[in-house]
Every structure is written in C-alpha cells, then in structure tokens.
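Worksheet: the structure to be examined is printed underneath.
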Amino acid sequence: MKIGVVVSEGPYTHQAADTAYHFVKAALDNGHEVPRVFFYHDGVNVSTRLSVPPQDERHIQNNWTALAKDKGIDLVVCIAAAQRRGLLDENEAKRQGKDASNIAEGFRISGLGQLIEMGIQTDRLVMFGD
Amino acid sequence: MKIGVVVSEGPYTHQAADTAYHFVKAALDNGHEVPRVFFYHDGVNVSTRLSVPPQDERHIQNNWTALAKDKGIDLVVCIAAAQRRGLLDENEAKRQGKDASNIAEGFRISGLGQLIEMGIQTDRLVMFGD
Amino acid sequence: MSTLHTVNKSPFGNGALQSCLKHCKPGDAVLLIEDGVYGAIAGSALAAEVRAGLSDVALYVLEGDVKARGIDAGKILGEVKSVGYGGFVDLVTSHDRTQAWL
Amino acid sequence: MSTLHTVNKSPFGNGALQSCLKHCKPGDAVLLIEDGVYGAIAGSALAAEVRAGLSDVALYVLEGDVKARGIDAGKILGEVKSVGYGGFVDLVTSHDRTQAWL
Amino acid sequence: MSETKKFLYVNRKAPYGTIYALESLEVVLIGAAFEQDVSLAFLDDGVFQLTRGQDTAGIGIKNFSNTFRALGDYDVTKLFVERESLDERGLTEADLQAITYEDENDDWAEKPSIRVVSRAEMADIMASQDVVLSF
Amino acid sequence: MSETKKFLYVNRKAPYGTIYALESLEVVLIGAAFEQDVSLAFLDDGVFQLTRGQDTAGIGIKNFSNTFRALGDYDVTKLFVERESLDERGLTEADLQAITYEDENDDWAEKPSIRVVSRAEMADIMASQDVVLSF
C-alpha cells in the first residue's frame, strides 16, 4: 500500500517526529511504499541542518535525511509554515533578502498542495502531532 | 519591582511569546524593571532572524529585538535548548562546524545559570508557555 | 503571603485549571489568560466546578484574550474581574509569587 | 469500513482519549501511542470509563512506548493488545482510514 | 487527477492560543483548488473557532474569523458543528457566526454552511471519509 | 550572591512524549550549583517521571530516569510527590524508583528523597516558595 505521513510537531519537544520515523521505517520494512512525508506546523523545524543535539541523543534531522536518501522518500516542508518559523532554503533566503538558509539535505520546501496531493494519491494517511 | 520573565514556547505556534511581549511592555510602562527575558524549551525559536511571517501578521522576533534595544532588556536564549533545536549564533556555528547561524540581533546565547540567576535577582518571576 | 496563579489552557480539553483550583490557598488569585479564558464562561458544563473552587480565591480574566475569542461580557461568570496587561502586572506585583499552570 | 484511531496524550490531563472513544464505531480500533499509553493502565480512576468505551472497539498499545514509561505488563488492562511499529503499520493498512486525535 | 476523495478536516482546538486553527484554514483554502469532496468538522474546543464577534485588536494577532465566511466562494459548504461540544461550553448556534453559501443547484439560493449535528452523527460523518486531517 | 531563596520546580508532565521533564531536570542540575533551597514537586502526570523500570530502547530516546537517583549528590534531596495524583493513575509509591541521599547532618545516613504528600500538603509547599518554575 501507499502510505502518506504528516509530521506536525518539532523535533525533541514532542515525540511525534520520532514516532513517525519508526513508523515509516516499519512500513518500508513491511513492503509498503511511503512516497512522501509532509512536515507542517512546528514539524517544519525537523528540517533544520543547524541542530546539534547532545552526543548521546538521537539526531532526529540526520535520521530523516539518511532515511530519505536510502529509501527515496520525498520530504516536503510546508513553505508558509516554514517562513513564519524561520526555516528557509537557499532560494527562499535570497528571495526574502535573508543572509542565511538552514534547510538540511533531503528536505525540500513546497506548498500545501503537496499535502492534499499526498492525500489523494496514497491509500492511507497517518498524522503524528500534538 | 524587578520582574523576570520566561518564554517556553515557540513563536506563532503558541501565544506565549505574544503574551509575554505585551506583559513586558506593560510592566515597563508601569515603572517596573524587566532586566532579563529567558527563552527556554521551544521558546528559543523566538530568536531566529530568518522568520518571514505574512505581511499582515505581527513579526514576533522583530518586536522582541526592537523592545530589547529600546529598553535595554537582556534577551537570553538557553544554549542547550537552542543547540537541540538548531538555533546558533556565529561563535557556536563556528565551534560546531556549521555553515550558518540564525540568531537575531538583541538575543544572546548563554547557559541555564542565567535563568537561576534571574530567579535569585528579581522580585517576581513570570512564566509563559504551554 | 499569597500566590497569583496563571492558567492559559481551555479547561474543556485540559486539566490545568482544575488542578490549579485544587491547589489554591485562601487569598490567592487565579488569572485566566490565552485559551484559559474559556474557563470563565457561565453556563458551561464546568461553571459550577469552577465556581465551587473559588471560595476565598479571586478569579480574573485577561480582557484582550476574552475579546479575541468573541466571548460576550454577559457570558462571563459574575464573580470574575477583567484586567488588561497592566492589571496583569499589578496582580504579579501585589502577590508574593506567580505560579504558571503550564 | 472501519477506522484506526490514534491517541498520543495522557487521558489524565487531556480529553483526547475520552473524545475519541465517544466517536468510535463498532469494528473500529484505538491505538494508544506516546503518552497515550497511560490510558491503558488498570486500576486508574479512568480505567472503568475507558473500559466502558470499548464495546465492539479494540484497544491497542504501542509496546515501545509502554516499556519506555516503565508500565509493567501486569498493570495494563486485560483487553488491551500490544503491538510494535510493524503492528502499527498493519493496523493502518487493515482499517480503511486513520484518524489522529491530536 | 480525476479521482475524487472525501476529505474531512477535523478541528478540535480553540483559535489564537495556538496556531492550529489558522493553519488548518490555510490547508482548507489551498485544498479547495483540488476539487475534492470537502467537509469540516468542529468539535471539542474547535467549536470556539466559529464564535461571532471575535476582536483580536487587544492581543495583536490577526483576526482570521472572517475567512470562514469566504469558504462558500471556494465551494467549501459543509461545516459540521457538534451540538454536545457547544452545550458543554455554554454555547448555542446563536453564538456562532452566520456562514452561508450560494447553492448553484438551487438557483443560487443562499443557504447555511454550518450544520449542527449530534455526536452520533459526527461519528457517522467521520466514518464515511477517505482522508481525515486533524488539527 | 549571599541571598538564599526557596526554589520549587513543578513537574506536571509525563516523560518522553514531550521534552519538558528532561529539560526541567537539566535546570535542576544546573541550579544546584547556586546553593539555593531547592524542592521538586511531582503532581498530575508529572508523577509518571519517577516510575521504576523505564526502558526506552524501543523508542530510540535516551532514558534519563537514572538521573533522578543522582540528585542526592547535588544536594537536591526534597522530591515531593502528590498522593492523589498517584492514586488517580493507579500507582503507589512502590511503583516509583527508590531515590535516596546521604544526610550529612545525621552521620551520612541514607534517607529517602521522595516524600509522598497529600494534595493539601502540596498546596502548602507551593505557597511557601520564593520562586516557582513550572515544567
């Protein structure tokens, strides 16, 4: 089956990004497809490449980047939610006149249409949030 | 009186950073001192300089930066909480081998001791969170 | 020696207000802010419980939050006093400590 | 046509589980994840209410979350089934839709 | 995309204290362009999103409650509100904004978009969807 | 700083689902260096922080429950746990970790740090503080 996933809360603060990660891995292991994970609300904060967690803690953003690379998952960060919260890719930073960007490899910024499209094109949609 | 303030949640997602802002302005207007505001948990996300909210919405980070400049308030961002969540100043970015920083003017990164010190040195402590 | 308690969550989905009221001492004050102001609605399923928790405890609401949420003044419990941000500051300074029920 | 409901909050401080149970249809399943697993504790003040909401509704807990929180298997309601992340996936695919009670 | 699915947006949180209500509405507006069969559910604290007379000047946050009245223009015309949730909060339908749409199948007659339903009916509505998005 | 204040750390949230419990503990550990009069309160879902036998291997999050047992070394020796909160959750003191400290005023005798108190006693403890930090 095709399963779409939504992550609605930020890393470390809520367990949502962790549970979603383990869920996606299990879904792939069980032979299902997870074509896309959509990051919305504070979930966009998962996509920062500037996170430096303590050495003995999991690195949530790196885990997602590695999983996406390994399995070809489309990690989409909502542009409207990201702009409010200060998550920008290089193009956006340039367009907004900001002197830095902070999006990690494997994540791409796009519109809310990608969430609706995921709902249409997948067989199941699972949300992780607060 | 000296009033210390803690902001524990991120901008836009929770009202905490807004309520704290209006509270601090009112405290100053009433003749009290607010020597420091401490940003903890997701509150550290208030300190990003990359936020681009819609034009018709308040700009939470700019409001804090302007208030701090105008009134000489010490805006302290907890370093441990900030590192986890990807908020870095230039020094930290260099030290951690990161290629970008994102802390706004008026905010400084420091340790949790600054929170305890604020509790000791102020007459009242008020927390805004979730 | 008295405490100002702040509650910022709707009591219909979250237990903070109920827990706060159970830990108040005579002379304390409770200030409802943000989504907490819904706790002051008269005629709700919780109004009687809130009222019962108010013996010797004063209940305040933050006016801006009440108006933002479209709660008509006539719908607020009679014993509740409304304050602005300046009044919030006065409550903080006139009590010995502030405890946030986050 | 049945629904998998997920609940991720402790029912002692938040109303999500109670609201979820009131909206379940016969044949539905409820999976408790994250802090939601506290809803499966036997002998709690809410256990009877949870149990009463389970007519024709199956209750599951995510095993990793139960163990993380130090809840002894003997303390879990008898009717509850424990699943891993793979079992979570199976529940998603074996029901027609998933509804998260965030 | 020719397939039409039934999308339900579930709103269980109050406005302004958190951003979920606003960001839910942003999804609904974008989603309208996809011409799916869209319904909105308001239950628990979500019913507070629809109260009339919201005035956010005092808290410095943008008032988005007017946007609900524009939903009809986007062909979003089914706003289900749970009666039990209103009752528990001391609210009646009269406390909610009037939200209407023009029915193109009935000579553009103006009709109410809000439909107050029982908890049992809300459960039926939820159980008849293809995709449920929770906010 | 010669002044000594009474600091209370109020813990009302469960561990792991959110970060508040862990980040509260981080404040307590740093705060210990300031030699104030420190107490910790565990009530509502906060009592879940102290359960014995936590094993987080299955969720990939660091288990920090052992840290509570180190608090005595930091002279943090007053952990007040509310009995009514335990009761409501089907817990007894036996479900909690044993947390002890060595009493320097009593020939380093090992004593329990956890003190189960009634809700009324908890209210008294709260009302006797200078600074209350909530997590």
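Values for this structure:
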item	result
Sequence-distant residues sharing a close amide H with A:ARG36 (under 5 Å, placed H)	A:VAL5, A:ASP74
For chain A: Kirkwood Rh in Å [reciprocal of mean 1/r, alpha carbons]	14.7 Å
Cα-based shape type of chain C, given that a ≥ b ≥ c are square roots of the gyration tensor eigenvalues and the cut on a/c is 1.5	oblate
Vicinal HN-Hα couplings computed from phi for segment E:49-66 (Karplus, 6.51 cos²θ - 1.76 cosθ + 1.60; Hz; Gly/Pro x)	4, 9, 4, 7, x, 5, 9, 9, 3, x, 10, x, 10, 4, 7, 10, 5, 5
Simple label model, 7 Å out from Cα along Cβ direction - E:THR92 to C:SER2, nm	3.7 nm
Local electrostatic count, F:ILE114, Cβ distance below 12 Å [Lys/Arg +1, Asp/Glu -1]	+3
Segment E:77-94 - phi-based ³J(HN,Hα) in whole Hz, Karplus 6.51/-1.76/1.60, Gly and Pro as x	10, 10, 10, 8, 10, 7, 4, 4, 5, 4, 4, 4, 9, x, 10, 10, 4, 5
Distant-in-sequence amide H partners of E:SER113 (H built 1.01 Å from N, under 5 Å)	E:ILE99, E:THR100, E:TYR101
Set D:LYS9/D:LYS75; B:LYS25/C:LYS25; C:LYS9/D:LYS25; D:LYS67/F:LYS6; A:LYS69/F:LYS13; F:LYS6/F:LYS111 screened for pairs whose C-alpha atoms are more than 25 Å apart	B:LYS25/C:LYS25; C:LYS9/D:LYS25; D:LYS67/F:LYS6; A:LYS69/F:LYS13
Cα-projected label distance for E:ALA32 with B:GLU105, points at 7 Å along beta-carbon direction, nm	4.0 nm
Structure-based [θ]222 nm, the protein assembly as shown - -39500 (n - 2.57) summed over DSSP H runs of at least 4, per residue, nearest 500	-8000 deg cm²/dmol
Nearby aspartates and glutamates by direct alpha-carbon distance to A:LYS2 (threshold 17 angstrom, same-chain neighbours under 8 apart not counted)	A:ASP29, A:GLU33, A:ASP74, A:GLU117, A:ASP123, D:ASP90, D:ASP96, E:GLU3, E:ASP130
Relative contact order [Cα under 8 Å, 6+ residues apart], segment F:15-85, whole percent	45 percent
Dipole magnitude (debye, nearest 20) for the protein assembly as shown, charges at Cβ of Lys, Arg, Asp, Glu	600 debye
14 Å tail of the calculated P(r), segment F:13-72, as % of Cα pairs	58 percent
Cross-link partners of B:LYS94 among lysines (Cα-Cα below 23 Å; sequence separation of 8 or more within a chain)	A:LYS94, A:LYS98
Spatial separation of Cα centroids for segment A:49-78 and segment D:1-27, in angstrom	30 Å
Under-5 Å amide H pairs with F:VAL132, H placed in peptide plane, nonlocal only	C:THR98, F:LEU8
Cα gyration tensor shape of the protein assembly as shown, rounded if a/c is under 1.5, else prolate or oblate by comparing a/b with b/c	rounded
Segment A:3-128, relative contact order [Cα under 8 Å, separation at least 6], %	34 percent
Relative contact order [Cα under 8 Å, 6+ residues apart], chain E, whole percent	33 percent
Net charge of neighbours whose Cβ lies under 10 Å from the Cβ of B:SER101, counting Lys and Arg as +1 and Asp and Glu as -1	-2
Residue among E:PHE34, E:PHE48, E:PHE80 with the largest mean-square fluctuation in a Gaussian network model of chain E, springs linking Cα atoms under 10 Å	E:PHE34
Cα shape, segment E:6-134, gyration tensor, a/c 1.5 rule	rounded
Among E:ALA41, E:ALA14, E:ALA57, residue whose mean-square fluctuation peaks in a GNM of chain E (springs only between Cα atoms under 10 Å)	E:ALA57
Charge tally in the Cβ shell below 12 Å around D:GLN99, where Lys, Arg are +1 and Asp, Glu are -1, D:GLN99 excluded	+1
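Every number in this text was worked out from the coordinates using simple rules, so none of it is lab data. Since the structure is predicted, the reported quantities are computational estimates derived from the model, not experimental observations. Positions of Cβ are backbone-derived with ideal geometry, glycine not excepted, and every protein chain shown enters the neighbour counts.
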